[in-house]
Structures are given as structure tokens and as C-alpha cells.
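Down below is the structure, laid out as C-alpha cells.
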Amino acid sequence: MKGIKILGTGSYIPSTTVTNDDFVKFIDTSDEWIYTRTGIKQRFYSTEKMNFQMAAEAAQKALENSGVKAEEIDLIILSTCSTDFFYPNTSCLVQNIIGAANASCIDVNTACTGFITALDMARRYLCTGDVKKVLVVASEFLTRQLDYTDRTSCFLFGDGAGAVVAEAADKPFYSVTGAKGDMLDALYCRIQYSGKYPEEGFDHYDKDIREKLDTEAKNKFLQMDGKAVYRFAVDAMADSFKKVCEKAGVKACDVDILIPHQANIRIISAAMKSMDIPDEKIYINLDKHGNTSSACIPTILDELNRTGKLKEGEKMALVGFGAGLTYGSIYMEL
Ligand code: ACO
């Protein structure tokens, strides 16, 4: 058995809508600027649930959709970079809420690439035969990590969660993943703790990065060099997608469903420009949801599933990037 079958999907979308015009009230911006630069019109903020609760809602819906009982789940792999607790991990909290008492629980953090990493891990576990059913969840609450005085980043993000239940299947599945760990300063959100940071802690990074980390008063919030992320994302998405197609022995234009990470419509268009893929095969929901980090891809998967668009045998690619900086692509047949 090489690949996986997706048995069911679920998602949780918070109910509070935040439009671009809402940002005009506290930063110098406009709906027109945000929309033309990013493709985002609105996003959803979680005002009622914590991250683990959103994750559990998505997981519960994926179980219902799959017809798999919670106690049949052998493993939960959960992606988040916006956890509620340092420990325990979020997957343990989800396990308890949904009643998956027989599941091992692992959290992964490759930031926005997280669902791709988690699904790739799920497939590797499933292929050993040691686990039969895996619940893969991605849940993010990035809107509480934002600096709402920073007009270059605060409008990009929304909250939400998505999940799939998967089992092993004799179907093609290929992945390409990687990281560029020297690009710490392009995108990070630093944990605050009492006491002084060790001065020599960042010896492996260039002087300007060390100074930035030492001096940025607000570095408990998300810090982003938008242009550096943009340049990296276009190349990394295009490159990993090409490589995964080569590995699978398929042409990019043969892919039926392409779900890219929903960071910015211009990044997606630039990355896919040379690929000869018709727009109708590239699935986008960032106009409504903004960037929900690793939850973007499974949320779209759930939309496609519930509207009957995930058809047996279709060729699907998932393509992403994230803080780290990380990147990854999966090619699989449904
Ligand atoms: N409203 C109005 N004007 C603004 C705003 C704003 N919110 N923010 C910046 N500007 C101004 C700038 O000050 C600048 O003005 P100037 O020319 O007078 O200096 C001008 O608009 C252009 O700014 P740029 O930074 O060049 O804008 P750019 O086209 O690069 O767009 C953006 C900025 C949207 C952040 C873009 O760089 C981007 O999307 N980068 C990638 C972001 C991203 O995907 N991050 C990843 C998040 S996490 C993850 O998914 C892994």
C-alpha cells in the first residue's frame, strides 16, 4: 500500500466576519488596497472558541462525514502554530473531546505548510500497517498573534480549522517537503518569557537578524518581511509542485484539483504562471477566509468534498509554504 484514501472531511469556520473596511477604522489602509494586493475581502475571527475547540469541531465533523467511530482512530496528527498551551499538545485535547480514546496524539508545527506535513506523516504511518485510521487536523488562531498597529501584516489572517480521516490505500501518493531555516527573520512569532534572553543565542544567524531579534520591542507578535516571504513563496511553491509532479510521473496540466496555500492571490498566480493549469482547477477561498495558515488547505478540501467535487480517481495536488521558512507539495490520487 502506497497511498491513502480520504474517508471524510470536516471544518470549523468561526462566525465573526471581519471585512477589509473594519481595518480602515484603526490602520491607514483601504478595502481596495488590501483586495488588489492580496485578493482578500474578509476573514473570520474566533470570538467564542479556543484553538483546540475549533480543532475538535472540525475533527468531529470529519468523523461524522467518514462514518468512522472515534474509538477506531489509532492516531491523531494535528498541525498548529497557534496553540493554546505549550503543553499538553492540542491533539490530546481533541482526543479527549471527541472520545478517540485509542488514538496516539502528535502535534506538528511547520507553520502554514503544516497540513501537508501532517498528511504526509499520516501516510507514512498508515503504510507501516501499524495504524489503520488516522485523523489529520489543522487548526489555527493566528488573529491573536497579530500586531494591530502593523498595517503591513494584520489584515492578512483569519481563524479556522479543517480535518480529514484517512486510511491506507493502493493509490499514488508523492510528497516533496523542505525548509530554509536561515530565513528566520522573514516570518516569526516569538514566545515571551520572564528573564533575559541569552545574548549569544542566535550565533548562527547574520548580525542584522540578531539585532532585530534583540531589539524588536513588539516581537511577541507576528513579525513579517512581506517581500521576502513573497519572493520565497513564489519560487518554493512552483519548485516543489514541479518536483512532486516529476516524482509522480505526471504533467502539471494533468492535475484535476490544485489546492495552494491561501496566502495571497498574487503569490498563487505568479507561482502557477508557468504551469499551464486552467484557473478553474485552482481552488481559492482566501477572498472569504484570508490566510488561516495550515487550516487553509483542509478547509478547501472540506468545501470540495461537501459540494461533490472530490471524485474517486481524480488527481489532486496540495502546495504550500510557511514560516521556517518551510515548503511542501503532495500529489495524490483520490
Ligand atoms: N494599506 C495601504 N498601504 C499599505 C499597506 C496597507 N495595509 N501596507 C503597506 N502599504 C504601503 C506601503 O507602505 C508601501 O508604500 P510606499 O510605496 O509609499 O512605501 C506600499 O503600500 C507598497 O507596500 P509593499 O510592502 O511593497 O506592498 P506589497 O505589494 O509587497 O504587498 C503584502 C504587501 C501584501 C504584505 C505582500 O508583500 C505579501 O502578501 N507578502 C507575503 C505575505 C505572506 O504571504 N505572508 C505569509 C503569512 S504566513 C504564511 O502563510 C506562511
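The values are calculated or read from the model by the stated rules, or taken from the named source; none is laboratory data. Quick caveat, the model's predicted, so the values are computed rather than measured. All Cβ positions, glycine included, derive from the backbone under ideal geometry; neighbour counts span all protein chains shown. Side chains are part of the model used for accessible areas, which takes the heavy atoms of the whole protein and leaves out ligands, DNA and RNA. Shrake-Rupley method; radii C 1.70, N 1.55, O 1.52, S 1.80 Å.
So, of the residues in segment 312-322 that are out of contact with any His (no Cβ under 8 Å at 6 or more places or on another chain) and either crowded, with 24+ Cβ neighbours inside 10 Å or aromatic (Phe, Trp, Tyr) (or both), which turns out to be farthest from residue 141 (Cα to Cα)?
First pass over segment 312-322, keeping only residues out of contact with any His (no Cβ under 8 Å at 6 or more places or on another chain): 312-318.
Subsequent filtering for residues that are either crowded, with 24+ Cβ neighbours inside 10 Å or aromatic (Phe, Trp, Tyr) (or both) retains 317-318.
Values: 317: 25, 318: 22 Å.
Applying the filter and picking the extreme gives 317.
Quick one: residue 263 ticks every box in (1) within 23 Å of residue 333 (Cα to Cα); (2) assigned to a loop (DSSP other than H, G, I, E, B) bar one, so which box is it?
(1)
For segment 136-148, what are the residues that are more than 15 Å from residue 80 (Cα to Cα) and open to solvent by 40 Å² or more (accessible area, probe 1.4 Å)?
Across segment 136-148, the qualifying residue is only 148.
Just give me the residues in segment 76-96 being in contact with a helix residue (DSSP H, G or I) (Cβ under 6 Å, 6 or more places away or on another chain) and among the hydrophobic types (A, V, I, L, M, F, W, C), in sequence order. Lay out the reasoning, then the answer.
Taking segment 76-96 and keeping what is in contact with a helix residue (DSSP H, G or I) (Cβ under 6 Å, 6 or more places away or on another chain), we get 76-84, 90, 93-94.
Matches in segment 76-96: 76, 77, 78, 81, 93, 94.
Looking at the structure I just gave you, is residue 209 of a type in the set (Val, Ile, Thr) and at pLDDT 95 or above? I'd like the intermediate steps shown before the answer.
On the way: of a type in the set (Val, Ile, Thr): yes; at pLDDT 95 or above: no.
Answer is no for this residue.
Residue-wise test of (1) within 16 Å of the ligand (Cβ to nearest atom); (2) in the same structural domain as residue 7 (by TED's automatic domain parsing); (3) surrounded by fewer than 24 Cβ atoms within 10 Å (Cβ to Cβ).
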position	(1), (2), (3)
131	no, yes, yes
134	no, yes, no
150	yes, yes, yes
153	yes, yes, yes
159	yes, yes, no
166	no, yes, no
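Quick grid of which residues meet (1) under 22 Å from residue 326 (Cβ atoms); (2) surrounded by fewer than 19 Cβ atoms within 10 Å (Cβ to Cβ); (3) within 16 Å of the ligand (Cβ to nearest atom):
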{"site": "20", "(1), (2), (3)": "no, no, yes"}
{"site": "27", "(1), (2), (3)": "no, yes, yes"}
{"site": "36", "(1), (2), (3)": "no, yes, yes"}
{"site": "43", "(1), (2), (3)": "no, no, yes"}
{"site": "59", "(1), (2), (3)": "no, no, no"}
{"site": "64", "(1), (2), (3)": "no, yes, no"}
{"site": "94", "(1), (2), (3)": "no, no, no"}
{"site": "99", "(1), (2), (3)": "no, yes, no"}
{"site": "115", "(1), (2), (3)": "yes, no, yes"}
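Could we say that residue 280 is surrounded by fewer than 16 Cβ atoms within 10 Å (Cβ to Cβ), at pLDDT 95 or above and assigned to a helix (DSSP H, G or I) here? Give the derivation first.
On the way: surrounded by fewer than 16 Cβ atoms within 10 Å (Cβ to Cβ): yes; at pLDDT 95 or above: no; assigned to a helix (DSSP H, G or I): yes.
In short, no.
As an exercise: evaluate residue 178 against (1) in a loop (DSSP other than H, G, I, E, B); (2) at pLDDT 95 or above and give the number of the one condition it does not meet.
Only one criterion is unmet by residue 178, namely (1).
Does residue 309 satisfy being under 23 Å from residue 227 (Cα atoms), away from the ligand (no atom under 15 Å from the Cβ), open to solvent by 20 Å² or more (accessible area, probe 1.4 Å) and free of Cβ contacts under 8 Å to residues at least 60 places away in the same chain?
Values: under 23 Å from residue 227 (Cα atoms): no; away from the ligand (no atom under 15 Å from the Cβ): yes; open to solvent by 20 Å² or more (accessible area, probe 1.4 Å): yes; free of Cβ contacts under 8 Å to residues at least 60 places away in the same chain: yes.
No: the conditions fail for residue 309.
What pairs can you find where one residue is in segment 267-290 and under 19 Å from residue 316 (Cα atoms) and without any contact (Cβ under 8 Å) to a residue 40 or more places away in the chain, the other is open to solvent by 20 Å² or more (accessible area, probe 1.4 Å) and among the charged types (D, E, K, R), and their Cβ atoms are less than 6 Å apart, with a gap of 6+ or different chains?
none
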